[in-house]
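> Just dropping this structure here.
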Amino acid sequence: GGSNVSDIKSFFWKWRRNHYPRSEMSNAKSGSNLVKPKDRAMDYLGAFGSMVADQDERRKLKAALGEGGVEYEATEFSYDGGGPGMGRGGGFGGGGREMQRGFGEAKAAGAPMAARSMNALRKADSNAAAAGADEQLAAGDPGGGGEPNQASVEPAIRKNFADTAYWVASVETNKNGIAEVEWQMPEQLTTWKTRVWAMGAGTQVGQADVDLITTKDLLVRLQAPRFFVQKDEVAISANVHNYLKNKKNVKVSLELDGGCLESLGLANAPQTKPTNLVAIDIDPKGEKRIDWVVRVIKPGTAIVRIKAITDEDSDAMQMSFPVYVHGMLKTDSYAGAMKPEQGSASLTFNVPAERNPAFSRLEVRYSPTLAMAMVDALPYLVEYPYGCTEQTLNRFVPTVITQKVLLDMKLNLADIRTKRTNLNAQEIGNDQQRAAGWKRFDRNPVFDEAEVANAVKEGIAKLTAMQLNDGGWGWFSGFGEQSYAHTTATVVHGLQVAKANDAAITPGVLDRGVQWLANHQTTQVQLLKNAGTKAIPFKTRADDIDALVYMVMVDAGQDNRAMRDFLYRDRNDLSVYTKALVAIACHKINDFEKRDMLIKNVDQFLVQDAENQTAYLKMPEANRWWYWYGSDVEAMGYYLKLLALTDAKSEKASGLAKYLVNNRKHSTYWN
């Protein structure tokens, strides 16, 4: 019910609809007199035809409607009638006037209500006042006036301050449309606006408002900031208003509770002994302001109380203010690493002298090796295969690798379940909470080695069943499916990894897939050779799929020298991902010259963070991230494989490993 609420009448009645009634009857028939040819038919009597009869009918209709009635027009409906009831618009107009009359009575009654409220407030102050000797002002106090031992009225301290004095959602009037509501006014001395909205039957609505004033003959107002900050020096003001008939000597005092503020005395009045009490003379209908300076000494809640006391009337008010600490919570993070040959390492950081010991903490986290952090991920790599060929393969390969790692490192999945901490030292926070943070809504960890072995077996069986008659793999296995180079190369590579990790592969499956890739590669080489001749079809450059197929064929022991030369020639057109694939293949066949150049080509995208000991590949602007060869995560993964073969102890390799470990939970499902 603030100023943003629209008028209730316009809200309900600003829209007007036009109605076009139409009646039809099935038995309505039109007809005319039947007369013989040349005979005279019946006609209106009189010199003026039908006009006189029509006027008479309209007079009868108007008399039937009554004096207050309003005639209907074709498309209009009037709300201005004053007749009783709801018929023909009279009820709306009459109802509106009744409501206005009711609100007029309420508005007229507003002033006496305000007077009664103020008299009650004065009476309460008077009942609470206690006559007695006031404290004697110290000699020499600034502004000290008045007479010694002058009797004074002790004020009631105003503490209850509210934005809304009273709110009631529903009040029902009596049969005369009158309702009375009582409430306790807050203790602000101000003008209040009382607003009332009314709603009756038939959407009869109206509203009215009246101003009420809560005031005193002598009042004091406190002026202070909304909050304080430790170490600040702030002025607090008391504005005293004298509405009494006579000039008054007013004793104004400042009281501070809570231990957060310390008074420095009156502003602009240097003194050896700061005072919080001063006496001033104020003329009738006059006002004066007194300023004190306070120092903020500690955070918490400050209670400020001011009093204005005379021998006839007095006032006081009290407010609470938050006091904030001078400073802010700050976290400084540092990272370091020690090589095996190092005996120690150190970090230097500054601790502020003015700090809060309760909020100060030094936390050191360490891990013996980044490689141990992969243990956290092992239970999440295992998943049963389902769906298309690529989905099956991309769930089968991590499962195979997990099984091999567990065997080689003599790890037990049940032990991993009960481990006490997250092994990635760079993840901050509580150890147990960090470990629990690996739980993902779309992945369930597997802690059963028998289930891992079963998943490997099921994956091999499904990939074997999805192989097509020509030896390749398509997106799905079924009628009308055809083999694709990317899918076949991906599956063959996965089966090669499985075989290297001691998984049992059905005899002939891998050989048939390799043969399909060899035939495909031979065809692509011929197309590339045709580009320099007039032969058709032709292919102008080696692409990313050629790079993937070439690496898989090298792993199978087959090196097509022509394809290697074409890939090296067209390396600038290859993605960062497939540059790393070709470099790995060149390393395996000892073509170190091409390998080193490809490493330089990838290194131009490498960003190293010496402070954090991380490194990552910032992909080029034209990188097609939505294709398989545009994945930045897979590109960094294969580049790390390349560095593990060529420069395993470099900062580039450890930096890439650390970056991937720190960001593995933020990849997407296909990474």
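The values are calculated or read from the model by the stated rules, or taken from the named source; none is laboratory data. Note that the structure is a prediction, hence the values are computed from the model and not measured. For neighbour counting, all protein chains shown are included, and Cβ atoms are generated from backbone atoms with ideal geometry for every residue, glycine included. Heads up: the accessible areas ignore ligands, DNA and RNA and are worked out on the full protein's heavy atoms, side chains in. Shrake-Rupley method; radii C 1.70, N 1.55, O 1.52, S 1.80 Å.
> For A208, list long-range residues whose amide hydrogen, built 1.01 Å from N in the peptide plane, is under 5 Å from its own amide hydrogen.
So A208 has HN proximity to V196.
> Something else now. When only DSSP loop residues count, what GluC sites (Glu not before Pro) in the stretch 447-545 have their Cβ near at most 11 other Cβ atoms within 10 Å?
On the way: sites: E449, E451, E458, E481; in loops: E481.
Listed in order of number, the matching sites amount to none.
> Go through the stretch 249-344 and name the chymotrypsin sites (Phe, Trp or Tyr not before Pro) that are in a DSSP coil and have 13 or fewer other Cβ atoms within 10 Å of their Cβ.
On the way: sites: W292, Y324, Y334; in loops: Y334.
Sparse-neighbourhood loop chymotrypsin sites (Phe, Trp or Tyr not before Pro): Y334.
> Among the GluC sites (Glu not before Pro) within the stretch 310-359, which fall in a DSSP loop and have no more than 12 other Cβ atoms within 10 Å of their own Cβ? Before the final figure, lay out the partial values.
Working: sites: E312, E341, E354; in loops: E312, E341, E354.
The qualifying sites are E341, E354.
> Which whole-number percent gives the relative contact order of the stretch 564-636, counting Cα pairs below 8 Å spaced six or more residues apart? Walk me through the intermediate numbers first.
Values: 65 pairs, mean separation 23.2, N = 73.
Contact order relative to length: 32 percent.
> Then there is this: Taking the Cα centre of the stretch 546-665 as the origin, how large is its charge dipole in debye, to the nearest 20, when only Lys and Arg (+1) and Asp and Glu (-1) carry charge on their Cβ atoms? Write out the running numbers ahead of the final one.
Details: 17 positive and 17 negative charges, 41 e Å.
I would put it at about 200 debye.
> Tell me, what ³J(HN,Hα) does each residue in the stretch 166-171 have, in order and in whole Hz, if you take phi through Karplus 6.51 cos²θ - 1.76 cosθ + 1.60 with θ = phi - 60° and put x for Gly and Pro?
Coupling constants for the stretch 166-171: 6, 9, 9, 7, 9, 10 Hz.
> To continue, here is another question. Taking the Cα centre of the stretch 232-372 as origin, sum charge times position over the Cβ atoms of Lys and Arg (+1) and Asp and Glu (-1), and report the length of that vector in debye to the nearest 20.
On the way: 17 positive and 17 negative charges, 24 e Å.
With only Lys, Arg, Asp and Glu charged at Cβ, the dipole is about 120 debye.
> Give the lysines whose C-alpha is closer than 16 Å to that of K231, dropping any in the same chain fewer than 8 places away, or say none.
Those lysines meeting the cut-off are K298.
> Setting aside same-chain residues fewer than 8 positions from K529, which lysines have a Cα under 16 Å from its Cα?
List returned: K539.
> Let me make sure I get this right: for the stretch 233-273, a, b and c are the square roots of the gyration tensor eigenvalues over alpha carbons, sorted descending. Under 1.5 in a/c it's rounded, otherwise prolate if a/b > b/c, else oblate. Which is it?
Details: a/c = 2.69, a/b = 1.86, b/c = 1.45.
Note, shape of the stretch 233-273 comes out prolate.
> Then there's this: Students often get this wrong, so check it: of K216/K245; K193/K251; K193/K288; K404/K462; K600/K652; K9/K193, which have C-alpha atoms separated by over 23 Å?
K193/K251; K193/K288
> Roll a 1.4 Å probe over the protein chains and send me the accessible area per residue for the stretch 462-572 in Å².
Averaged over the residues of the stretch 462-572, the accessible area is 49 Å².
> Tell me, what HN-Hα J-couplings in whole Hz come from the Karplus equation 6.51 cos²θ - 1.76 cosθ + 1.60 at θ = phi - 60° for each residue of the stretch 287-301, using x for Gly and Pro?
8, 9, 10, 10, 10, 10, 10, 10, 10, 8, 9, 7, x, x, 10
> Another question, if that's okay. Which residue, N519, F566, Y550, has the largest displacement toward the positive end of the dipole of the stretch 518-671 when charges sit on each Cβ (Lys, Arg +1; Asp, Glu -1)?
Checked the options; the winner is N519.
> Another one. Report D for the stretch 329-424 in µm² per second (integer): Stokes-Einstein, Kirkwood Rh on Cα pairs, 10 °C, 1.306 mPa s.
Numbers: Rh = 17.6 Å.
Rounded to a whole number, D works out at 90 µm²/s.
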